[in-house]
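Notes for the one structure printed next.
Every read-out reported here was derived from the displayed coordinates using simple, explicitly stated rules and does not represent laboratory data. Just so you know, these numbers come straight off a predicted model, no measurement behind them. Neighbour counts are summed over all protein chains in view; Cβ atoms, including those assigned to glycine, are modelled from backbone coordinates with ideal geometry.
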């Protein structure tokens, strides 16, 4: 017991997540002392080694500092270590469904696109003083935004979605400001918000996206920015529906000063329609990454937004990297112009594995979620136990602690490495892994957690 806050959990990941939630909520302020290992182990009824592992995890993530006999304390500055350090060692022969990578077989070859970019560079090389956004890339990006009903706005280019999100947040917010974030949600957003000196305020989601009541609560608590995923939400696969978008726009209408950031990172590999929140407030940005559809190493995202936000993002980018390589920009132009990715076929390939797994799990009494994208989210009562049992069965999955703050435990499975024929065996393994906890699993419908 620490003041009014009780640390909870049975496994190291859950104990660490409990402490991190308290730090994020302010229940454990900077400098607060944590209980001695043996004392906390006694309170939780676990082995002291489990608490030691949780404290090591928190230390490695930059949440706490340990000083031997002087004990462990919450650091004075926010955590900056990435959540993807919450991982498991994958032994040889185990199928790794934990990485979040796309299927290499569905990515287009880049040789022709890079050669075309090199030929263009030979004719018109990009030099200091040139424009940051390739004209053709900007035109094609704007056409795609228009086709999806994204409000008009200038175009910017950054090195990935998180780069754009970070720059937009720093363009409008100051240390100490609050940011409303999805829970469960993308662990990198959970990392970058406190690393910028900002305070995350989690809100719940369900299969149709952010829950309006919880977004309203976060905004009333003073959140000055809202980060949402429009499609293929990581880790749950949620998609903002037309009806949910209308509800959220009504909520945002009462908070016109909030910065709204739409993340459409799965553009190019989903066919479900886009229902963005862009334009609901004075300041907004929508960003699209090439990573999932064309390859993670093609570090490029296009964005649009209100003129003030885009101008600030581009200005900060100009003061640092300067611009995203025009060789990469021209390669993306070539990929877009030649239709290198058949969105329908790619979407169908991921859907066959994802939907097949969700159906197979349902047939075995295991609720799961995954409306779009590459991931399936399975609520479980005990992440550590389920992850361990699946590892013994030959499957590595991502512990939900990477992706949640206040929401209930779960595990994320990335379907990219799967063949459709493997789905029944994987579903059997998952059902066996959760069977010891089946009585306490609860229903999988409604909000996640």
Problem - Kirkwood hydrodynamic radius over Cα pairs of the stretch 235-361, then Stokes diffusion coefficient at 37 °C and 0.692 mPa s, in µm²/s - result: 195 µm²/s
Exercise for the section: Quickly work out the residue 299-to-residue 206 label distance, labels modelled 7 Å from Cα along the C-beta direction, and quote it in nm with one decimal. Expected result: 4.0 nm
Handout entry: Viscosity 0.890 mPa s, 25 °C: Kirkwood-radius Stokes-Einstein D of the stretch 163-211 over Cα pairs, µm²/s
Key = 219 µm²/s
Handout entry: Alpha-carbon Debye profile of the stretch 195-307, log10 I(q)/I(0) at 0.10, 0.11, 0.12, 0.18 Å⁻¹
Key = -0.29, -0.35, -0.41, -0.93
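What is the extension gain from residue 342 to residue 359, computed as 0.36 nm multiplied by their sequence separation minus the C-alpha to C-alpha distance, in nm to one decimal?
Details: separation 17, 0.36 × 17 = 6.12 nm, distance 2.54 nm.
The span from residue 342 to residue 359 would gain 3.6 nm if fully extended.
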Completion exercise
Largest first and rounded to whole Å, the semi-axes √(5λ) derived from the alpha carbon gyration tensor of the stretch 128-324 read 24, 19, 16
Handout entry: Proxy reagent accessibility, fewest Cβ within 10 Å first, across 55, 128
Key = 128, 55
Practice task
Set the Förster distance to 30 Å, then compute FRET efficiency between residue 8 and residue 66 from the Cβ-Cβ distance, nearest 0.05.
Solution key: 0.90
Exercise for the section: Along Cα→Cβ, 7 Å out, is where each label goes; now give me the distance between the ones at residue 25 and residue 428 in nm to one decimal. Expected result: 4.2 nm
Problem - In Å, descending, principal axis extents of the Cα set of the chain - result: 70, 50, 42
Practice task
Using per-residue counts of other Cβ atoms within 10 Å, averaged over each peptide, order 227-237, 89-99, 160-170, 21-31 from highest down.
Solution key: 227-237, 160-170, 21-31, 89-99
Problem - At R0 = 51 Å, FRET efficiency that the Cβ-Cβ distance of residue 124 and residue 43 yields, to 0.05 - result: 0.15
Handout entry: Label-point gap, in nm, between residue 250 and residue 53 - each point 7 angstrom along Cα→Cβ
Key = 4.7 nm
Completion exercise
With R₀ set to 35 angstrom, the calculated FRET efficiency between the beta-carbons of residue 105 and residue 146, to the nearest 0.05, is 0.65
Fill in the blank from the handout: Most exposed to least, judged by fewest other Cβ atoms within 10 Å, 350, 294 sort to 294, 350
Exercise for the section: Give the percent of DSSP beta bridges with both residues in the stretch 128-324 that are antiparallel, rounded to the nearest 5. Expected result: 35 percent
